[in-house]
Amino acid sequence: MQPKKSDRQRSFLCPDLLDQLDPRNHLLGLAKVIPWQVFEDSFRPLYAASGRPGKPVRLMVGLLILKQLENLSDERVVEAWVQNPYFQAFCGQQRFTWKLPCDPSELTYFRRRIGEDGVRKIFEVSVALHGDKAKEAEVVVDSTVQEKNITFPTDAKLLTKIVTRCHTMAKLEDVKLRRSYQREIKSLLRTIRFKSKGRRQGESQRAVRRLRTIAGILVRELKRKLSPEALTIHQQALDLYDRVQRQQRSDTGKIYSLHEPGVSCISKGKAHKKYEFGAKASVTVTKTSGIIVGALSFQDNPFDGHTLPAVLSQVESIVGQRPTMAICDRGYRGKRKIGVTSIEIPESGKRTKTASDKRQARERFRRRAAIEPIIGHLKNDHRMLRNYLKGQVGDSVNLFMACAAFNFRKFIRILCFLCLKFLGHILRPNVQTVQACA
């Protein structure tokens with residue numbers, strides 16, 4: 001059911017929460033400029049007309065923003081909300097309360113309710129707060145990897161998980177397996193663990209092949225013995241197990257996780273981390289002001305240059321104008337112009353260029369490097385270092401919210417700077433007064 005509107009009257013005995021807080025706090029300043037009514041109007045059709053009333057939209061959106069701003073989990077942001085009166089005022093609370101605003105799982109349901117389009121609306125609002133500063137003709141584009149919350153994939157790990165899940169499925173459906181292979185699997189894992197290197201490496205490889213055979217035996221046995229109703233329920237999982245059991249090292253489209261089959265293996269050329277397992281994310285930043293105006297998540301590890309048309313179209317739909325120049329690194333080599341947007345990448349100096357052109361290109365690509373620390377802040381400060389949200393939609397949701405939190409944090413710094421400048425102007429001593437006193 002749609003959330004109820006709060007029509008609380010002012011209390012004579014208990015003052016409002018805003019009357020007890022410092023009006024110069026950055027969260028209160030941010031709450032005043034965010035157009036909360038936009039979220040109310042956009043998300044109201046997503047609720048049913050009958051049933052239990054939902055939580056206020058401002059409360060749920062505020063919790064999502066605070067979660068990314070402060071780099072907290074769903075559980076921690078709900079606990080911090082109870083302890084921090086500024087968090088409560090940011091979410092529209094009129095009285096200080098001691099109880100949890102909602103169960104942490106309700107944030108998951110709310111993300112599913114609004115979906116990728118709803119989270120994109122929050123990101124668009126974060127861009128619109130900066131006004132004309134976000135409408136620059138030149139932008140900087142770069143890609144990174146948003147890693148999923150999975151363990152480093154190996155054949156032994158995946159096959160062991162398949163065997164364990166087959167045993168669980170057989171117990172759940174009351175299917176008696178011909179053999180459990182528990183003792184043999186324990187011996188095989190010991191061999192893989194302690195003989196994976198050195199002269200006895202062949203024993204470890206034979207143990208992995210035997211583990212693959214056992215996984216295939218259990219999957220085929222379950223397909224034979226499950227009832228038609230149970231087979232319909234577990235068909236997708238069994239097909240996934242069969243595909244993982246059959247895949248080889250040189251195959252394309254491999255599966256690296258059973259609970260996240262859409263994960264891709266991406267190599268970004270890092271010396272300390274050769275491969276990253278997640279989804280490729282493209283980030284677009286204005287050249288001068290450093291505002292994130294585009295965020296797009298991709299699957300299946302596409303070439304960076306092939307992602308530019310979708311990236312530029314998204315920037316045009318969010319900002320309202322198409323950039324005239326996109327500054328990229330050498331990973332985007334290929335097309336030098338997409339529509340009206342020219343693509344600039346570093347290249348060796350040509351004799352046909354004048355000294356002025358070379359100087360401008362040097363300054364432009366030095367400025368391009370500013371996107372690297374921005375991506376670092378997204379990962380370390382706004383929960384993009386490891387994505388805990390499930391599926392391809394979770395990749396887009398986490399990316400949009402991280403970029404929105406960065407824009408909100410940037411706007412908070414602008415508010416703090418303007419406040420200090422205003423106070424400095426007021427407290428600046430009058431020259432004539434000082435001379436008179438002297």
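The values are calculated or read from the model by the stated rules, or taken from the named source; none is laboratory data. None of the values given here were measured: they were computed from a predicted structure. Neighbour counts are summed over all protein chains in view; Cβ atoms, including those assigned to glycine, are modelled from backbone coordinates with ideal geometry. The protein model used for the area step is the full one, side chains on, heavy atoms only, and it has no ligands, DNA or RNA in it. Shrake-Rupley method; radii C 1.70, N 1.55, O 1.52, S 1.80 Å.
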field: Gain in span if fully extended, Arg178 to Glu124, counting 0.36 nm per residue against the direct Cα distance
entry: 13.7 nm
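Rounded, prolate or oblate: pick one for the chain, where a ≥ b ≥ c are the square roots of the eigenvalues of its C-alpha gyration tensor, a/c under 1.5 means rounded, and failing that, prolate if a/b is larger than b/c, else oblate. If you can, show how the numbers build up before the last one.
Values: a/c = 2.37, a/b = 1.41, b/c = 1.68.
Note, shape of the chain comes out oblate.
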message: Per residue, how much accessible surface does segment 3-124 expose to a 1.4 Å probe? Answer in Å², no decimals.
response: 56
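Multiply the residue gap between Gln392 and Ile414 by 0.36 nm, knock off their C-alpha separation, and tell me the result in nm, one decimal place. Display every interim value, and only then the final one.
On the way: separation 22, 0.36 × 22 = 7.92 nm, distance 3.38 nm.
The span from Gln392 to Ile414 would gain 4.5 nm if fully extended.
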- request: Only loop residues by DSSP count here, and only those with at most 16 other Cβ atoms within 10 Å; note down the chymotrypsin sites (Phe, Trp or Tyr not before Pro) in segment 244-329 that meet that.
  value: Tyr275, Phe303
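Decide, for segment 211-274, between rounded, prolate and oblate: order the square roots of the alpha carbon gyration tensor eigenvalues as a ≥ b ≥ c, take rounded if a/c falls under 1.5, and otherwise choose prolate if a/b is larger than b/c, else oblate.
Numbers: a/c = 3.83, a/b = 2.30, b/c = 1.66.
Here segment 211-274 falls in the prolate category.
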- prompt: Order of 151-162, 39-50 by packing, highest average Cβ count within 10 Å first?
  reply: 151-162, 39-50
query: With springs only between Cα atoms under 10 Å, which of Lys410, Lys390, Lys358 fluctuates most in a Gaussian network model of the chain?
result: Lys358
Filter on Lys67/Lys280; Lys135/Lys268; Lys287/Lys358 - keep pairs with C-alpha separation over 25 Å: Lys135/Lys268
- request: Rank-order 70-79, 288-297 by packing density, defined as the average count of other C-beta atoms within 10 Å over each peptide's residues, highest first.
  value: 288-297, 70-79
query: Modelled label-to-label distance, Cys265 and Arg359, 7 Å Cα→beta-carbon offset: nm?
result: 5.0
- prompt: What are the GluC sites (Glu not before Pro) within segment 282-368 that DSSP puts in a loop, where the Cβ has at most 11 other Cβ atoms within 10 Å?
  reply: Glu347
- request: Write out the chymotrypsin sites (Phe, Trp or Tyr not before Pro) in segment 71-110 meeting two conditions: DSSP loop, and at most 11 other Cβ atoms within 10 Å of their Cβ.
  value: Trp98
- request: Please work out whether segment 177-292 counts as rounded, prolate or oblate from its C-alpha gyration tensor, where a ≥ b ≥ c are the square roots of the eigenvalues and a/c under 1.5 means rounded, while otherwise a/b larger than b/c means prolate and anything else oblate?
  value: oblate
- prompt: For the chain, modelled as a Gaussian network with Cα springs under 10 Å, which listed residue fluctuates most, Gln245, Gln236, Gln146?
  reply: Gln236
- request: For the chain, with all protein chains present and a 1.4 Å probe, just round the carbon and sulfur fraction of the accessible area to a whole percent.
  value: 52
message: Compute, for the chain, the length of the dipole vector about the Cα centre, with Cβ point charges of +1 (Lys, Arg) and -1 (Asp, Glu) only. Units Debye, rounded to 20.
response: 2160
query: Total Lys pairs in segment 139-265 closer than 16 Å by alpha-carbon, pairs eight or more apart in sequence or interchain only?
result: 11
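Listed highest first by mean packing, meaning other Cβ atoms within 10 Å per residue, what order do 111-124, 15-28 come in? If you can, show how the numbers build up before the last one.
Details: 111-124: 17.9, 15-28: 13.5.
Packing order, densest peptide first, comes out as 111-124, 15-28.
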